[in-house]
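For reference, the structure is listed below as C-alpha cells.
Just so you know, all these numbers are worked out from the coordinates, no wet-lab data involved. Keep in mind that what you see is a predicted model, and the values were worked out from it rather than measured. Neighbour counts are summed over all protein chains in view; Cβ atoms, including those assigned to glycine, are modelled from backbone coordinates with ideal geometry.
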Amino acid sequence: MKVLASAFLLFASVCFGQQATPTEKPLILKYQSWTVSSFAHLTATMLDGATTAYALDYRHLPGVAETNPVIVKINKGNNQVFGPGGFGVKGGVWAAQTGLQYWVLRKLSDNPDQQRKMAKRFTIANWVTTALFDAVVIHNMKVEKIIR
C-alpha cells in the first residue's frame, strides 16, 4: 500500500508541479480527458485488486487462485494470497504506464498537433484497459457465486 501511495504522490507532484508559461496550461488540465481516463484506469485496477483480495484473502474461496505469476512470486510462491504485494504490483504498473504517457506528452510539447494526437491515443488506450479491468472485476465478482 505504501508503494501505491508513493506512486500516486509522485505522479501528482509531477503533474501539478510542472513549470508552464503563463499562457500554457499544465498537461493535467490541458488534456482533461486523458487525466480522467488515467484515473478511471487506476480505479479499475484497484477494483480488480480489491475483488481478488476479497476472494483470496478474506473469503478463502476453495479452488480460487491468483494467476498472475509476478504476484505469486512476490507472495513467495503462494497462489492462495493476493496481499499488499498484489496491490503494489498493480499500482506500480499503473504508475509506470501513466508516467510514461506523461513523459511522452511532455516531450511533444514543442509540437502541439502531435501532442494532441498522442493524448487522444493514450486516452483511448486508457479507456480500453479500463474496460478490460472492469471485465475482470465482473468475473471476480461472479467467482463466488459459481463456487457456492
What spacing in nm lies between the two simple spin-label points modelled at residue 67 and residue 142, each 7 Å away from Cα in the Cβ direction?
1.2
Given the C-alpha atoms of region 29-142, compute the convex hull and give its volume per residue in Å³.
93
Which whole-Hz ³J(HN,Hα) couplings does region 92-109 yield from phi under the Karplus relation 6.51 cos²θ - 1.76 cosθ + 1.60, θ = phi - 60°, glycine and proline marked x?
x, 5, 4, 4, 5, 5, 5, x, 5, 4, 4, 4, 4, 5, 5, 5, 8, 5
HN-Hα J couplings of region 74-86 from phi, Karplus 6.51/-1.76/1.60, θ = phi - 60°, integer Hz, Gly and Pro as x?
4, 8, 6, x, 8, 8, 9, 10, 9, x, x, x, x
Please list, in chain and number order, the residues 5+ apart from residue 81 or on another chain whose amide H is under 5 Å from its amide H, with Hs placed from the backbone.
66
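Dipole magnitude of region 29-142 about its Cα centre, charges +1 at Lys/Arg Cβ and -1 at Asp/Glu Cβ only, in debye to the nearest 20? Provide the component values of the computation, followed by the final result.
Working: 12 positive and 6 negative charges, 60 e Å.
About 280 debye.
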